[in-house]
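The values are calculated or read from the model by the stated rules, or taken from the named source; none is laboratory data. Worth saying up front: this structure is predicted, and the values here are computed from it rather than measured. Virtual Cβ from ideal backbone geometry, glycine too; neighbours counted across all protein chains shown. With ligands, DNA and RNA removed, areas are computed over all heavy atoms of the protein, side chains included. Shrake-Rupley method; radii C 1.70, N 1.55, O 1.52, S 1.80 Å.
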Amino acid sequence: MVDLANALCAGCNEKLVGEVIRVGESDHFHVDCFKCAKCESPLAAAGFFARGSNYYCSEDYHELFGTRCVMCSNFIEGEGFTVQGRSYHTSCFKCSVCHGNFSSGSRVLFEEGRPICETCRNKSVNATRTTCKGCQKEITGRSVVAMEFDWHVECFACFNCKAPLTGEYMVKDGNPYCEKDYLNLYGQKCKICNEFIVGRVLQAGGVSYHNACLRCHVCKAAFTEGQEIFTQDGIFWHTECEPYLEGMGGAESGSEYFDEDREADTVAGLESADVADLEEQLDDLKVEEN
């Protein structure tokens, strides 16, 4: 039994007075101190997730630690499982061709990361397909099935560095690339964290950002697609948050973020898109014997 008279708030480390909330076995917070470790939004009246000693709102937890289903691209909550390093909702794991469920004990094959039943696989196989897509010579022995073609193992290589592709690869203009070269040649980096963006990207003013990195300077909340925002000197804020910006350290206090003599740029709306459909182009090789 915790003696609340001598206990400290896990958020501010001050004595517990007033309304208190208990989280887990031993953590106690002032109600106002129980906030998301990422965006600092209140958690007392909302659902939350715990990781280590930190607590997160649902949105930030999934952005930071969540796993997406390969089939529907949504975060997996509830029942799910992982096959060959790829994760699926239980309800989404169906044949990608006929959309039928897999019965217990049935054989599941994979083509370019998508599950396919044996019946559909047999229908799609062309028995006369024995020519290598790379060198156009006849294939004997081991071959690779990728991009709907057969290749000699040594012929299926990165279009840029020519290194053989033995695992995941990406496709651009019909050519396969290793992940390193693809990102270096065509990848987009987040303006805030300077890391390559894989999956969804937010674009504002012609600059790209991770969804989790681009947040309002005032309220710390994320922006939604199509939402009008203001930007100046590398910071962004919601239009409704602008009255509070100067109070956070505006022109009168010499803030480096606010210049009252300079007009802020208006970004008509955020655009959200896939970066070269990376999640769909991380493909698995299938090696066969002829």
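Mind checking the range 33-138 for GluC sites (Glu not before Pro) that DSSP puts in a loop (not H, G, I, E or B) and that have at most 10 other Cβ atoms within 10 Å? Please report the intermediate quantities before stating the final value.
Working: sites: 40, 59, 63, 77, 79, 111, 112, 118, 138; in loops: 40, 77, 79, 112.
Here the sparse-neighbourhood loop sites are 79.
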By accessible area with a 1.4 Å probe, ligands and nucleic acids excluded, highest first: order of 233, 173: 173, 233
Tell me, what HN-Hα J-couplings in whole Hz come from the Karplus equation 6.51 cos²θ - 1.76 cosθ + 1.60 at θ = phi - 60° for each residue of the range 206-223, using x for Gly and Pro? x, 10, 9, 9, 5, 4, 6, 8, 8, 9, 5, 5, 8, 9, 6, 7, 6, 9
Given H placed 1.01 Å from N in the peptide plane, which residues other than close sequence neighbours of residue 67 have an amide H under 5 Å from its amide H? 76
Tensor-based shape of the range 113-209 (alpha-carbon gyration tensor, a/c under 1.5 rounded, otherwise prolate or oblate): prolate
Long-range amide H partners of residue 192 with built H, under 5 Å: 210
Spelling out what I want: for every residue of the range 87-99, take phi, set θ = phi - 60°, compute 6.51 cos²θ - 1.76 cosθ + 1.60 (Karplus), and round to whole Hz; glycine and proline get x. 9, 9, 5, 4, 6, 8, 7, 9, 4, 6, 9, 9, 6
Taking the C-alpha atoms of the range 1-152, how large are the radius of gyration and the largest Cα-Cα span, Dmax, in Å? 25.8, 82
Per-residue ³J(HN,Hα) for the range 61-77, Karplus 6.51 cos²θ - 1.76 cosθ + 1.60, θ = phi - 60°, Hz, x for Gly and Pro: 4, 5, 5, 7, 10, x, 10, 9, 6, 4, 7, 10, 6, 8, 5, 8, 10
Would you mind counting up the charge near residue 47? Only other residues with Cβ under 13 Å from its Cβ, with Lys and Arg at +1 and Asp and Glu at -1. -3
